[in-house]
Amino acid sequence: MYQTTILPNGATILTLPIPGVRSAALGFFVGVGSRHEKAAENGAAHFIEHMVFKGTEARPKGQLAKDVEALGGYLNAYTSFDKTCCLTDMPSQHWKTGIDVVRDMAFHPALDPKELESEKTVIISELEGNEDNPERRLYQDLQTASLAGTPYE
(Lines give C-alpha, C1' and ligand atoms only; values in the text may rest on other atoms or scores of the structure.)
Protein backbone atom coordinates (compact mmCIF):
# COMPACT_ATOMS: atom_id res chain seq x y z
CA MET A 1 0.00 0.00 0.00
CA TYR A 2 1.25 3.47 -0.90
CA GLN A 3 2.05 5.88 1.89
CA THR A 4 1.20 9.51 1.18
CA THR A 5 3.10 12.33 2.87
CA ILE A 6 2.24 15.97 2.25
CA LEU A 7 5.05 18.40 3.03
CA PRO A 8 4.47 21.89 4.47
CA ASN A 9 5.10 23.41 1.00
CA GLY A 10 2.26 21.29 -0.45
CA ALA A 11 4.46 18.76 -2.26
CA THR A 12 3.05 15.24 -2.10
CA ILE A 13 5.38 12.28 -1.63
CA LEU A 14 4.22 8.76 -2.45
CA THR A 15 6.27 5.84 -1.16
CA LEU A 16 5.83 2.14 -1.69
CA PRO A 17 8.37 -0.19 -0.09
CA ILE A 18 8.64 -3.47 -1.96
CA PRO A 19 10.41 -6.18 0.07
CA GLY A 20 13.32 -7.78 -1.78
CA VAL A 21 13.70 -5.01 -4.37
CA ARG A 22 17.14 -3.44 -4.33
CA SER A 23 16.43 -0.36 -6.42
CA ALA A 24 14.69 2.93 -5.84
CA ALA A 25 12.51 4.53 -8.52
CA LEU A 26 12.40 8.27 -7.87
CA GLY A 27 10.49 10.90 -9.77
CA PHE A 28 9.50 14.52 -9.53
CA PHE A 29 6.19 15.15 -11.25
CA VAL A 30 4.90 18.62 -12.10
CA GLY A 31 1.22 18.87 -13.02
CA VAL A 32 1.89 20.85 -16.21
CA GLY A 33 1.95 19.41 -19.71
CA SER A 34 1.00 20.30 -23.25
CA ARG A 35 -2.73 20.61 -22.50
CA HIS A 36 -1.99 23.57 -20.22
CA GLU A 37 -0.27 25.56 -22.98
CA LYS A 38 -1.85 28.22 -25.12
CA ALA A 39 -1.17 28.02 -28.87
CA ALA A 40 1.66 30.57 -28.60
CA GLU A 41 3.27 28.47 -25.83
CA ASN A 42 2.93 25.13 -27.62
CA GLY A 43 5.91 22.91 -26.74
CA ALA A 44 7.16 25.00 -23.81
CA ALA A 45 6.86 22.23 -21.20
CA HIS A 46 8.65 19.77 -23.50
CA PHE A 47 11.37 22.33 -24.23
CA ILE A 48 11.97 22.99 -20.52
CA GLU A 49 12.07 19.23 -19.88
CA HIS A 50 14.93 19.01 -22.39
CA MET A 51 16.73 22.03 -20.97
CA VAL A 52 16.97 20.67 -17.43
CA PHE A 53 19.41 18.04 -18.77
CA LYS A 54 21.76 20.80 -19.90
CA GLY A 55 23.02 21.35 -16.37
CA THR A 56 22.03 22.92 -13.10
CA GLU A 57 23.46 25.59 -10.84
CA ALA A 58 25.51 22.89 -9.06
CA ARG A 59 26.15 20.44 -11.93
CA PRO A 60 27.58 21.44 -15.32
CA LYS A 61 26.33 20.00 -18.60
CA GLY A 62 26.64 16.21 -18.59
CA GLN A 63 27.21 15.89 -14.85
CA LEU A 64 23.64 14.91 -13.97
CA ALA A 65 23.82 11.70 -15.99
CA LYS A 66 27.39 11.01 -14.83
CA ASP A 67 26.36 11.27 -11.18
CA VAL A 68 23.53 8.78 -11.68
CA GLU A 69 25.16 6.37 -14.12
CA ALA A 70 28.38 6.14 -12.08
CA LEU A 71 26.27 4.53 -9.34
CA GLY A 72 24.49 2.14 -11.70
CA GLY A 73 21.40 4.29 -12.13
CA TYR A 74 19.27 5.52 -15.01
CA LEU A 75 18.12 9.10 -15.62
CA ASN A 76 15.33 10.29 -17.89
CA ALA A 77 12.43 12.72 -18.22
CA TYR A 78 9.23 13.03 -20.19
CA THR A 79 6.39 15.40 -20.92
CA SER A 80 2.81 14.29 -21.48
CA PHE A 81 -0.50 16.08 -21.85
CA ASP A 82 -0.94 16.48 -18.09
CA LYS A 83 2.50 16.36 -16.50
CA THR A 84 6.24 16.73 -16.83
CA CYS A 85 8.50 14.33 -14.97
CA CYS A 86 12.19 13.96 -14.13
CA LEU A 87 12.96 10.43 -12.96
CA THR A 88 15.72 8.06 -11.99
CA ASP A 89 16.07 4.43 -11.03
CA MET A 90 18.96 3.89 -8.63
CA PRO A 91 20.40 1.03 -6.62
CA SER A 92 18.59 1.45 -3.30
CA GLN A 93 21.74 2.26 -1.32
CA HIS A 94 22.15 5.41 -3.49
CA TRP A 95 18.59 6.72 -3.17
CA LYS A 96 19.76 9.99 -1.58
CA THR A 97 21.86 10.80 -4.65
CA GLY A 98 18.88 10.01 -6.86
CA ILE A 99 16.68 12.40 -4.92
CA ASP A 100 19.39 15.08 -4.98
CA VAL A 101 19.80 14.84 -8.77
CA VAL A 102 16.06 14.96 -9.47
CA ARG A 103 15.62 17.84 -6.99
CA ASP A 104 18.48 19.71 -8.63
CA MET A 105 16.89 19.29 -12.07
CA ALA A 106 13.49 20.44 -10.84
CA PHE A 107 14.52 23.41 -8.72
CA HIS A 108 17.91 24.59 -10.01
CA PRO A 109 18.18 24.15 -13.78
CA ALA A 110 20.81 26.40 -15.36
CA LEU A 111 18.65 27.14 -18.45
CA ASP A 112 21.76 28.38 -20.24
CA PRO A 113 20.75 30.70 -23.12
CA LYS A 114 23.64 29.30 -25.22
CA GLU A 115 22.06 25.85 -25.03
CA LEU A 116 18.60 27.06 -26.11
CA GLU A 117 19.40 27.24 -29.82
CA SER A 118 21.14 23.88 -30.03
CA GLU A 119 18.31 22.17 -28.16
CA LYS A 120 15.76 23.45 -30.68
CA THR A 121 17.45 21.26 -33.30
CA VAL A 122 17.28 18.21 -31.02
CA ILE A 123 13.57 18.70 -30.32
CA ILE A 124 12.69 19.31 -33.97
CA SER A 125 14.55 16.13 -34.92
CA GLU A 126 12.65 14.22 -32.22
CA LEU A 127 9.31 15.52 -33.53
CA GLU A 128 10.24 14.67 -37.12
CA GLY A 129 11.16 11.16 -35.98
CA ASN A 130 7.66 10.80 -34.55
CA GLU A 131 6.24 11.62 -37.98
CA ASP A 132 8.11 8.61 -39.42
CA ASN A 133 6.69 6.22 -36.83
CA PRO A 134 3.42 4.66 -38.07
CA GLU A 135 2.16 3.79 -34.57
CA ARG A 136 2.90 7.29 -33.29
CA ARG A 137 1.28 8.84 -36.36
CA LEU A 138 -1.85 6.70 -35.97
CA TYR A 139 -2.07 7.68 -32.28
CA GLN A 140 -1.77 11.38 -33.14
CA ASP A 141 -4.39 11.16 -35.88
CA LEU A 142 -6.77 9.23 -33.62
CA GLN A 143 -6.21 11.75 -30.80
CA THR A 144 -6.96 14.66 -33.14
CA ALA A 145 -10.11 13.06 -34.59
CA SER A 146 -11.59 11.76 -31.35
CA LEU A 147 -10.79 14.70 -29.08
CA ALA A 148 -11.36 17.62 -31.42
CA GLY A 149 -12.04 20.87 -29.60
CA THR A 150 -10.35 19.78 -26.36
CA PRO A 151 -6.86 20.52 -25.05
CA TYR A 152 -5.95 16.91 -25.92
CA GLU A 153 -6.59 17.41 -29.63
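Data table
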quantity	calculated
Selection status of V68, closer than 30 Å to H36 by Cα, in contact (Cβ under 8 Å) with a residue 12 or more places away in the chain and open to solvent by less than 40 Å² (accessible area, probe 1.4 Å)	no
Answer residue from the stretch 94-120, given it is under 21 Å from A40 (Cβ atoms) and part of a helix (DSSP H, G or I) and is least open to solvent (accessible area, probe 1.4 Å) among those	E119
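For (1) out of contact with any Gly (no Cβ under 8 Å at 6 or more places or on another chain); (2) surrounded by 15 or more Cβ atoms within 10 Å (Cβ to Cβ), each residue gets a yes or a no:
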{"residue": "T15", "(1), (2)": "yes, no"}
{"residue": "S34", "(1), (2)": "no, yes"}
{"residue": "A58", "(1), (2)": "yes, no"}
{"residue": "N76", "(1), (2)": "yes, no"}
{"residue": "P91", "(1), (2)": "no, no"}
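The values are calculated or read from the model by the stated rules, or taken from the named source; none is laboratory data. The structure presented is a predicted model; accordingly, all values stated were derived computationally and were not measured. Here the Cβ is made from the backbone with ideal geometry for all residues, glycine too, and neighbour counts use every protein chain on show. Each accessible area value is taken on the protein alone, full model and side chains, heavy atoms only, with ligands, DNA and RNA left out. Shrake-Rupley method; radii C 1.70, N 1.55, O 1.52, S 1.80 Å.
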